[in-house]
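There's a structure below that I have some questions on.
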Amino acid sequence: MSDSTATVNGAPEAHGIPHGHEEHPAYLRHHFASVEQQADTTNFAMWLFLLTEIMFFGGLFTAYLIYRNWYYPAFVAASHQLNIFWGTANTGVLISSSFTMAMGVWCAETRRKSGLVLCLVLTFVLGLVFLGIKTIEYSEKVEKHHVPGFHYSVQAFTNPASDPETYKEYKDKPMPLDMARHTELYFFLYFAMTGMHALHMIIGIAILGFMIFRARAGAYTTGHVTFVENFGLYWHFVDIVWIFLFPLLYLISRHQ
Amino acid sequence: MSTNTIVSLPDQSTARIPKTNFITKENGLLSWLLTGDHKRIAILYLISITFFFFIGGALAGLIRLELLTPQSDLMATDTYNKVFTMHGVVMIFLFLVPSVPATLGNFLIPIMLGAKDLALPKINLLSWYLYVVGGILVLYTMISGGVDTGWTFTTPLSTHYVNTNVMSTGLAVFIAGFSSIFTGLNFIVTIHKMRCPGMTWFRMPLFVWAHYAASILMVLGTPVLAIAIVLVALERTVGIGVFDPTKGGDPLLFQHLFWFYSHPAVYIMILPGMGVISEVISTFSRKRVFGYTAVAFSSVAIAVFGFFVWAHHMFIMGISNYAMLVFSLLTMLVAVPSAIKIFNWTFTLYKGSITFETPMLYAFGFMGLFTIGGLTGVFLGTSGTDIHLTETYFIVAHFHFVMVGGMLMAFLAGIHFWWPKITGRMYPEKISQLAAVVTFIGFNFTFFPQFILGTLGMPRRYAAYPPEFQVLNVFSTAGATILGVGYLLPVLYLTWSLKYGEIAGNNPWQATGLEWQIQSPPLTENFTTIPIMDHEAYDYEWLENQTLTNQNLENQKAKEVASVG
Amino acid sequence: MDHISPTIWQFLVKWMTNFALFPPEASKIAPQMDALYFFITLVSLIGLTIVILLVTTFSLLYNKARHPKAIQIEGSTLLEATWTIIPLGLFLVMFVWGSLIYFRVFTPPANAMNIYVVGKQWMWKAEHPGGQHEINSLHIPVGRPVQLTLISQDVFHSFSIPAFRVKREAIPGRYTTVWFEATTPGTYHLFCTQYCGTNHSAMIGDIVVLTPEDYKKWLNESTSGNSLAQNGERLFASLSCNACHNARPDARGPSLANVYGAKLPLASGGTVIADDAYLREAILNPSQHVTQGYAPIMPTYQGQVSEEGVIALVEFIKNLDSDYRIQQTTNTTDLLPEGEGKATTGEKPAGQAQPKPVSKGMVKQ
């Protein structure tokens, strides 16, 4: 069982020497025997990297599972503080950006340069929109003193009437102080999980910016699509993490 | 040439190091610091981990000096706490975890697979830079006052009760952890995707299998440590309460997250060493490894089971009885594959043709000391005896037996075994055999008394102890002095050999394995033509035919020359 | 252990102790654990000897000079099975045996007397039910099962008595328990074995095992005048617990008489046994532990009462068997004299002194 084709390479010295063979494009690194092997290998590497990311987020999900199980009432009440409109909007934004990213990959594979650039720009913009909405949400939390460790206030939970907007919607009952204190744990998890997610988004957007420049120069529409494909995988992963975060953080028992 | 050695060197009067090799290919510091060549990166790693090993060793020396007397009199207790913490952090994260994989693994895996480089050379270089940054942060921590939480960062001590450099140490470990993840990722991808034609999974050397298993652990386990460190950092700076019981958090959550990585970490550390031992024992008994499939699968079994035993570090911490049952049972299961390996290596010797060069001496040392270390692990996996033995010097002795008596011996075995391949020169045999013996003796004197100390009840991480424990502590320190000599010698004679060692030629050990079929030191691209693997691993009959063929070719050439002349 | 002749056993133990390879065996569980330890040692020695013998023999028989041509052997499934199954079998024996001992160490008998221990940086504070307080030492009687209820005030500590072969972590935020029965009077080491900061190695002390008469004497000498329960009673009053937890029909909180050990139905559904851990949690996190039929209005006392205070309250509630007692806490001029027919869990330490009358200044509110 061999994964490599039996192409025999001569001693590959400098890159600059024009080869003339089709199987020796300039982007083929010389430790790979063929373009297929290079694409296959880098693709596998990206999947493996995403697996490590799952393990990384997994620690936070574990903490969430445990504390939600222990302090369910606090989690319900605290989750009522999140704005479901913005949350749904963000979910829509991310899913759309995954769509535009997938279209971008298709454009790269079918060598449509302008299409690729358009799709990458759309994805970039949608990513920024996501971060913008997140900034709005975070600033709301700051105003209400719901940032753990920074003058955290349980007022909105011990006395729900003091927070008219949320009270109108959910009519929560006043919560005893010891349970209300545990809402801080919820918010910690909220900031840690969405913050870690946002950090990955920022990295992704930065790479997108780089990719837009390279795409305009035609780097990805001459057959060398692996960079775009692998980045697409990363972007879809970041999207999927959000798809888990959204119900876990925003949709805890909304009907209560 | 003595009949009791298999070393076969070319004629020293005419032999030369090949002019074109990966070392001479390009010159200048930048060509090394910006290289993608896995062999150069391996050497960069070798230099850095040796540096950190001696820092960790110096810290160990300080620990043993303090423990000569029952009082905490050599240094302030706070200082002692910092010394043992830094010793642990440096030795585990900056030495043991990268030692064999990042040096020998990096150097050999592509060659053993018939590839020209690892799958992702730039990631490989990034991995080294991350390691260096982590190392620099640790040095910064030491210079700016150290950290005294113990390498285990137990909360709430590390989050609320110390005012030392937890943040910089945590960051260092976080970054070094990514170095480890990228190395493991590179190995897995290379092993899956870059084997040469004919190289099936079961024709790979067991060294590669061992690294594959260790890489799975690196890739899946290290991220959990990363998040645990992030949580400690947040708790320490912001005070979020995730581990704080007064805020509803649970300090035991940190223990679970921490040990979920740190148990597999010990298998990350030992598996590559076991891979080295397979290669060495096979070569110096001229035999294929007994039970190749069993050894290969046992590596993977250790990796898989290793993920499910972490709470055996927490038996007395208030986990439920039922949790104890599960983890104790699984710990017994994970002990079995290691036993299988030891027996397979033993039977590799059966009807072999054994010689006792330095790598083999280290391998024998490994087998004895790892067996003891592993068996003492059974004392600890048995929950009943763990109650008495946990948190004492028994634990310290146990992990030093497996890590130092096991892993470090394996590392030295590997360095000596592949030294001729990496440098083109042989190390001096007599003094290296002496160093191996000195190390073995010193090691036993240092760490065996600690088993007794632990059974007597002496707790670990104590700067001062009751006077009745002094005799054994003095023994231990005396042994440590001898051990230090044993470790210093290789540095000296290996450096010496770079200039004055005998020229090794391609295959001084008459070993199988693709790395021995190419020149020493290898070319940058390893192979001029990609080889086709047409024989099993450890195929000594193939090797004989090879030698015969080469011999015939040479005779043929000599005849032609003679007939022409 | 019953299969070994007692003479040999005594000789072995004495020899080992004199050669300082072993701490003294001073508890009932110690010889049982040592038996398992010896078994594992024996198996390990045999295993190690086999490996060393084989390696040495093969090295001698098959070194190059003697055996120049190696014979290639693929392997042997039979051998693989043998050295998989036999070690696995032995390890499983150890697993079962060890688990039994573990269960024994962490399952206290019903008649164990309870002593509370609070660990803090860097000392151990022991609180006896009779009101005796100790720092870095623990006096116990020989031949009685003693249960320790441990908690930490700050970081993880670990309470270790090598001579008894017991050890247990003291964790912040939760009680842990361990029990032992001392068999030989004497003084034994107490260590903290979980690294806890600067003076971790100074957090050591003595376990003093006394004959029953000496123990009685010690109890009398060291009492502070009030039992733990009486301290708890005072705290109960000063924190106004009896404002709700009284026996009146319109009381806002459930009566606490005889609540210890009872099965309580919770407002959130399900039932719970009211043990020490429950009582502690109910004081510090009451809204999760509301008894059925009552409103979740109890305020939390987190931050207002120390771990010693919680222990005193728990001890008071444990010993409460009548509402009369609770009524009396509102009356601060005189407490009932002792010996008024109070049933307690476990034997009360004898020789408890007469309670001092509470001064008017220490009133609730």
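The values are calculated or read from the model by the stated rules, or taken from the named source; none is laboratory data. Every value quoted in this text rests on a predicted model; they were computed, and no experiment measured them. All Cβ positions, even for glycine, are placed from backbone atoms using ideal geometry, and neighbour counts span all protein chains on display. The area values use the complete protein model at the heavy-atom level, side chains included, leaving out ligands, DNA and RNA. Shrake-Rupley method; radii C 1.70, N 1.55, O 1.52, S 1.80 Å.
Figure the gain on full extension for C:GLN304 and C:ASN111 (residue separation times 0.36 nm, minus the Cα-Cα span) and round it to one decimal in nm. Please report the intermediate quantities before stating the final value.
Numbers: separation 193, 0.36 × 193 = 69.48 nm, distance 3.26 nm.
Here the segment from C:GLN304 to C:ASN111 would lengthen by 66.2 nm.
For the residue pair B:TYR500 and C:LEU53, what label-to-label distance in nm results when each label sits 7 Å from Cα along the Cα-to-beta-carbon direction?
4.6 nm
First measure r as the distance between the Cβ atoms of A:TYR27 and A:VAL125, then evaluate 1/(1 + (r/R0)^6) with R0 = 25 Å and state the FRET efficiency to the nearest 0.05.
Values: r = 28 Å, r/R0 = 1.13.
With a Förster radius of 25 Å, E is 0.35.
Also: Would you mind checking the tilt of helix B:206-237 against the longest principal axis of the Cα atoms of chain B, expressed as 0 to 90 degrees and rounded to 10?
Helix B:206-237 sits at roughly 30 degrees to that axis.
Continuing with this model, one more query. What is the interface area between chains A and C, defined as buried accessible area summed over both chains with a 1.4 Å probe, reported in Å² to the nearest 100? Walk me through the numbers on the way to the answer.
Numbers: alone 14090 and 20300 Å², together 33810 Å².
What A and C bury together is about 600 Å².
Which three extents, in angstrom, do the Cα atoms of the range B:153-303 have along their principal axes, listed largest first?
62, 26, 25
Let me cross-check C:GLU213: its accessible surface, 1.4 Å probe, with only protein heavy atoms counted, in Å² to the nearest 10?
Spelled out: C:GLU213, probe radius 1.4 Å, area about 120 Å².
Another question, if that's okay. Within 10 Å, at most 10 other Cβ atoms, and a DSSP state outside H, G, I, E, B define an exposed site. Report the longest part of chain B free of exposed trypsin sites (Lys or Arg not before Pro).
Working: sites that count: B:ARG16, B:LYS19.
Maximal segment without exposed cleavage sites: B:20-565.
Also: Classify the range C:81-137 from the C-alpha gyration tensor, please: rounded if a/c falls under 1.5, else prolate or oblate depending on whether a/b exceeds b/c.
Oblate.
Considering Cα pairs under 8 angstrom that are at least six residues apart, work out the relative contact order of chain B and quote it in whole percent.
Over chain B, the number comes to 20 percent.
Taking only C-alpha pairs under 8 Å that are 6+ residues apart, what is the relative contact order of the range A:57-251 in percent?
Values: 192 pairs, mean separation 68.2, N = 195.
Reported relative contact order: 35 percent.
Turning to a different aspect of this structure: Taking the Cβ of B:PRO522 as the centre, find all other residues whose Cβ is under 12 Å away and add up their charges (Lys, Arg: +1; Asp, Glu: -1). Each step should come with its number before you reach the end.
Details: positive: B:LYS25, B:LYS39, B:ARG40, B:LYS116, B:LYS421; negative: B:ASP37, B:ASP117, B:GLU515, B:GLU525.
Spelling it out: positives minus negatives among the neighbours equals +1.
Here's another thing I want to ask about it. Angle check, please: helix B:77-89 long axis (alpha carbons) against the longest principal axis of chain B (alpha carbons), in degrees 0 to 90, nearest 10.
Roughly 40 degrees between the two axes.
Picking from B:VAL132, B:ASN165, B:PHE447, whose Cα lies most toward the positive end of the charge dipole for chain B (charges on Cβ: Lys, Arg +1; Asp, Glu -1)?
The residue sitting most towards the positive pole is B:VAL132.
Further, regarding this structure: Pick out which of A:VAL93, A:VAL225, A:VAL35 has the largest mean-square fluctuation in a Gaussian network model of chain A, springs linking Cα atoms closer than 10 Å.
A:VAL35
Then there's this: Bin all alpha-carbon pair distances of the range A:57-251 at 5 Å intervals from 0 and give each bin's fraction as a whole percent.
Final binned percentages: 1, 8, 15, 17, 15, 12, 9, 7, 6, 5, 3, 1, 0.
Could you state the number of Å between the C-alpha centres of the range B:355-415 and the range B:495-558?
About 34 Å separates the Cα centre of the range B:495-558 from the one of the range B:355-415.
Also: The range B:31-534: percent of C-alpha pairs farther apart than 36 Å? Don't skip to the end; give the middle numbers.
Working: 34476 of 126756 pairs.
The answer is 27 percent, as a whole percent.
I'd like the distance separating the alpha-carbon centroids of the range B:108-166 and the range C:263-293, in whole Å.
A separation of 46 Å, based on Cα centres.
If you fit an axis through the alpha-carbon atoms of helix B:470-500 and take the longest principal axis of the Cα set of chain B, what angle between them do you get, 0 to 90°, nearest 10?
So the helix axis and the longest Cα principal axis differ by about 30 degrees.
If the label point is 7 Å along Cα→Cβ of C:ALA262, which residues in the range C:285-310 have backbone nitrogen under 15 Å from it?
So the set is C:290-294.
Within the range B:110-128, list the residues whose amide N lies under 15 Å from a label point set 7 Å along Cα→Cβ of B:GLN546.
Under 15 Å, as judged by backbone N against the label point of B:GLN546, lie B:111-115 of the range B:110-128.
Can you give the charge dipole size of chain A about its Cα centre, rounded to the nearest 20 debye, using +1 on the beta carbon of Lys and Arg and -1 on the beta carbon of Asp and Glu? Please list the in-between numbers first.
Working: 15 positive and 19 negative charges, 120 e Å.
Result for chain A is approximately 580 debye, rounded to the nearest 20.
About the Cα centre of the range B:31-534, what is the dipole size in debye to 20, counting +1 per Lys and Arg Cβ and -1 per Asp and Glu Cβ, all else neutral?
Numbers: 22 positive and 19 negative charges, 221 e Å.
Value, rounded to 20: 1060 debye.
In the range A:150-245, which chymotrypsin sites (Phe, Trp or Tyr not before Pro) fall in coil by DSSP and have 14 or fewer other Cβ atoms within 10 Å? Write out the running numbers ahead of the final one.
Working: sites: A:PHE150, A:TYR152, A:PHE157, A:TYR167, A:TYR170, A:TYR186, A:PHE187, A:PHE188, A:TYR190, A:PHE191, A:PHE210, A:PHE213, A:TYR220, A:PHE227, A:PHE231, A:TYR234, A:TRP235, A:PHE237, A:TRP242, A:PHE244; in loops: A:PHE150, A:TYR152, A:TYR220.
Those that pass, being in a loop and sparsely packed, are A:PHE150.
A further question on this structure: What is the antiparallel percent of DSSP beta bridges lying wholly in the protein assembly as shown, to the nearest 5? Before the final figure, lay out the partial values.
Working: 34 of 48 bridges.
Among the beta bridges of the protein assembly as shown, antiparallel pairing accounts for roughly 70 percent.
For chain A, with every protein chain kept in place, what is the accessible area per residue (1.4 Å probe, Å²)?
Accessible area per residue: 47 Å².
Whole-Hz Karplus ³J(HN,Hα) for the range C:214-229, in order, using 6.51 cos²θ - 1.76 cosθ + 1.60 and θ = phi - 60°, x for Gly and Pro?
Karplus-based 3J(HN,Hα) across the range C:214-229 equals 4, 5, 4, 4, 4, 4, 5, 6, 9, 5, 8, x, 10, 6, 4, 5 Hz.
Rounded to the nearest 100 Å², what is the sum over both chains of accessible area buried where A meets B, with a probe of 1.4 Å? Kindly include the intermediate steps, with their values, before the conclusion.
Values: alone 14090 and 22860 Å², together 33300 Å².
Approximately 3700 Å², summed over both chains.
Further question on the same structure: Where in the range B:380-419 is the amide nitrogen less than 16 Å from a point lying 7 Å along the Cα-to-Cβ axis of C:PHE103?
B:383-385
Computing the accessible area with a 1.4 Å probe over protein heavy atoms, can you report the carbon and sulfur percentage for the protein assembly as shown? Write down the numbers at each step before the final one.
On the way: 30080 of 45540 Å².
For the protein assembly as shown, the apolar C and S fraction of the accessible surface comes to 66 percent.
Determine Rg/Rh for the protein assembly as shown; Rg is computed over alpha-carbon atoms and Rh is the Kirkwood hydrodynamic estimate from the same atoms.
Values: Rg = 33.8 Å, Rh = 33.3 Å.
We get a ratio of 1.01 for the protein assembly as shown.
Have a look at A:ARG29, A:ARG111, A:ARG181 and tell me which one the Gaussian network model of chain A (Cα, springs below 10 Å) gives the largest fluctuation.
Highest fluctuation of the listed residues: A:ARG29.
Which helices, taking whole DSSP H runs in chain A, have alpha carbons extending 30 angstrom or more along the helix axis plus mean Kyte-Doolittle at least 0.0? Could the numbers behind the result be given before it?
Details: long enough: A:35-70 (53 Å, 0.51); A:84-109 (37 Å, 0.92); A:113-143 (45 Å, 1.19); A:183-216 (48 Å, 1.25).
Within chain A the helices that satisfy the rule are A:35-70, A:84-109, A:113-143, A:183-216.
Any idea which of B:VAL396, B:GLY291, B:TYR487 is furthest toward the positive side of the dipole for chain B, if Lys and Arg beta-carbons carry +1 and Asp and Glu beta-carbons -1?
B:GLY291
Here is the link list: B:LYS39/B:LYS421; A:LYS113/B:LYS122; C:LYS120/C:LYS167. Which ones come out longer than 21 Å on Cα distance?
Over 21 Å apart, Cα to Cα: A:LYS113/B:LYS122.
Moving on to the next point. Leaving out same-chain residues fewer than 8 places away, which lysines sit with a Cα under 23 Å from that of C:LYS69?
Hits, sequence-local ones excluded: B:LYS287, B:LYS351.
Sequence neighbours fewer than 8 away in the same chain don't count; with that in mind, list the aspartates and glutamates whose C-alpha is under 16 Å from B:LYS82.
B:GLU66, B:ASP73, B:ASP148
Still on this structure, I have one more. Using only Cα atoms, locate the centre of the range A:205-256 and the centre of the range C:134-171, then give the distance between them in Å, rounded to an integer.
Result: 55 Å between the Cα centres.
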